[in-house]
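The next block holds one structure in the form of C-alpha cells; read it before the comments.
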Amino acid sequence: MNTHLFFYSAFVAAVFLAICCPGQSNVVFYGANTNAIAVAFVDTNLSTAAQAAIVSDLQLCLQNWGQNSELCLRNSGGSVGYLDNPDRNPCYPETIAFPENVVSNGTNGLALQIPKSLSDAYTNAFAFADANSNIVAAAYEFVAFVASTNFVHIPSNSLPDYIIFKNVPSNIVVFGAQTIISKMQQKIYPPSILGFYYSTEGPSATNLWVRIPQSVGSYDGTAEWGVFPSAIWHENKWKFCIWDRIPGVP
C-alpha cells in the first residue's frame, strides 16, 4: 500500500474507533517495551475526532523517538510523574514542547496530560492539513521513499528532484550525486503534523517547510535525535533543502 495512504487510513480508522467507542480511553505507547499510558486533555471541549487525531500524531513521534522514554514518578502538586525523554522531540518546532506531565487518571491509573496550548496548536495544524491535504500527503510519501532502499538506486540526474542547495546549480548536484545520496541514507522518519511551517528562508518570498526527524548512533550505541535537513515544497514537489549555508562543490 502507498505509504501516505496507509498513514491516512490508519488515522481515519483511529477517528472511527474513537467516535464509535466514546467510552474508550485514548492511549499512547512509549519505551522499548511498548508501555501504554492513557492521554488526558486539559481542554474538555475537544471533539472525539480531534482527540483521536492528536493521539495518532503523538504516537507517530513516540514510536521511534520515544523508544528510550521512561516514566518517572513524583509527588509535586497536581503532578504524579513525568515522561522522561533523553532528547528534545525532533518532530516538533523549537517553540513547542512534547507533553511530559503525568497526572492521576482516577480509577484508570496514570495519564499523559495534554495542555490546551498544545491541543490548540494541533487544531490549527489540522486545519492547515485539511486545506493542503495533497501537499501534506506528498510529504509523507517523499520521506518514506528517501528512507527506503529504493532511493539509493535513483539515477544521478534525478537527484535535483530530491534536494536543492543554495547557489549550487543542478549540474553540480548531479556531478556529486553518488556522494550526496550516500550521505543522505540516514535514519529518517515521518514528520509530525506540527512540523510544517512557513518561512521567508528559501528560494521564494514565502516557503513551506517541514521538519524531518533523524536518528544517529552515538559512541555508546544509543540513538541521538535531531532534525535532518528540512524539506521544502518547491516546484510542486518536496525537496530536502540546504539554504542556511553554501556547501562546497561535491
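Quick note: the coordinates plus some simple rules give every number you see, no bench work behind them. What you see is a predicted model; the values in this text were computed from it and never measured. Please note: Cβ atoms are built from the backbone with ideal geometry, for glycine as well, and neighbour counts cover all protein chains shown.
Ser199 versus Ala223, label points 7 Å from Cα toward the beta carbon: distance in nm?
Reported label-point gap for Ser199 and Ala223 is 2.3 nm.
What distance in nm lies between label points placed 7 Å from Cα along the C-beta direction at Thr206 and Phe151?
2.9 nm
Return the lysines within reach of Lys166: Cα separation strictly under 30 angstrom, same-chain partners fewer than 8 residues apart disregarded; answer none if there are no such residues.
The qualifying lysines are Lys183, Lys187, Lys237, Lys239.
Going through the range 162-224, which chymotrypsin sites (Phe, Trp or Tyr not before Pro) have at most 10 other Cβ atoms within 10 Å and a DSSP loop state?
Those satisfying the criteria are Tyr219.
With a cap of 16 neighbouring Cβ atoms within 10 Å, and only residues DSSP puts in a loop, list the trypsin sites (Lys or Arg not before Pro) found in the range 147-212.
Lys166
What is the order of Trp233, Trp243, fewest Cβ neighbours within 10 Å to most? Mind showing how you got there, number by number?
Numbers: Trp233 23, Trp243 18.
Arranged by neighbour count, lowest to highest, Trp233, Trp243 become Trp243, Trp233.
Given H placed 1.01 Å from N in the peptide plane, which residues other than close sequence neighbours of Ile163 have an amide H under 5 Å from its amide H?
Residues meeting the amide H criterion: Phe240.
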